[in-house]
Amino acid sequence: MRRRGRELALKIIYSYQDTDASVESVLEDFWNNFRFREDVLGEAVDETSEVVPLDVRRFTEDLARGAIANLSELDGVIKEYSTNWTLERMAKVDLSLLRLATFELLFHPDVPTSVVINEAIEIGKRYGTKDTPSFINGILDKISRTRRQQAQ
C-alpha cells in the first residue's frame, strides 16, 4: 500500500514541476485522468472502472501535498547535499524522487530512515535510469545523517 502511494505521489510531484497550477488542480487532474491497475506495478490503464483505494489515495495526497507545500525548503536541503549537481541538471524523475524522500525524512520521523531510503531506491530502479539508485542513495544518506539526527 505504501509503495503504491509513494509511486503515485512521485507521479504527482513530477507533473507539478512544470506547471503554475495549484496543488489541488494538479491532484484533481491526476485523479480524474488516470486509473491504475490494482497490481504491484500500478500501470496506467484506459478503463475508468478501477479506482485507487481510499487509504492509498490519502497517503498519496499527504505525501504529494506535503512535498509541494515545502518545495523551497526541500530544494534547499537537496542543493546543500548534492555537491556538484544543481537542481536544473538533475533528471526530473530523480529530483521528484529526492523531493518526495526528503519530505519523508524531514517531516515523517515515524518512518524509519532505512525504509525511506530503500523505498526511494526501489522506486528509482523502476522509474529512473541505471544511475538513479546510487545517485538517490548518496544524497539521501547525507541528508539523513545530518538532518534527521538533528531533528531527533
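The values are calculated or read from the model by the stated rules, or taken from the named source; none is laboratory data. Everything quoted here is computed from the prediction, not taken from an experiment. Please note: Cβ atoms are built from the backbone with ideal geometry, for glycine as well, and neighbour counts cover all protein chains shown.
Looking only at residues in the stretch 90-120 that are farther than 15 Å from E7 by Cβ and among the hydroxyl-bearing types (S, T, Y), the one that is surrounded by the fewest Cβ atoms within 10 Å (Cβ to Cβ) is S114.
Cβ-Cβ distances below 7 Å connect the following pairs, each with a first residue in the stretch 97-126 that is touching a residue at least 12 places away in the same chain (Cβ under 8 Å), a second residue that is among the acidic types (D, E) and in a helix (DSSP H, G or I), and a separation of six or more residues or different chains: V116/E104; I117/D141; I123/E7. Of all residues in the stretch 65-86, none are touching an Asp or Glu at 6+ places or on another chain (Cβ under 8 Å) and assigned to a helix (DSSP H, G or I). The residues listed here are I143, I123; of these, the one that is more than 23 Å from R4 (Cα to Cα) and surrounded by 15 or more Cβ atoms within 10 Å (Cβ to Cβ) is I143. If we scan the stretch 45-53, do we find a residue that is free of Cβ contacts under 8 Å to residues at least 60 places away in the same chain, farther than 21 Å from E28 by Cα and not basic (K, R)? Looking through the stretch 45-53, none of the residues is free of Cβ contacts under 8 Å to residues at least 60 places away in the same chain, farther than 21 Å from E28 by Cα and not basic (K, R).
Condition first: hydrophobic (A, V, I, L, M, F, W, C) and modelled with pLDDT of 95 or more. Now tell me which residues in the stretch 51-68 satisfy that.
Within the stretch 51-68, the first condition is being hydrophobic (A, V, I, L, M, F, W, C), and the residues that meet it are 51-52, 54, 56, 59, 63-64, 67-68.
Those that are hydrophobic (A, V, I, L, M, F, W, C) and modelled with pLDDT of 95 or more: F59, L63, A64, A67, I68.
So for the stretch 141-149 (the condition being modelled with pLDDT of 95 or more, under 13 Å from the mean Cα position of the chain (by Cα) and under 24 Å from E61 (Cβ atoms)), does at least one residue qualify? No.
The set of residues from the stretch 75-89 being buried (at least 19 other Cβ atoms within 10 Å of the Cβ) and either closer than 17 Å to L10 by Cα or of a type outside the set (S, T, Y) (or both) comprises V77, I78.
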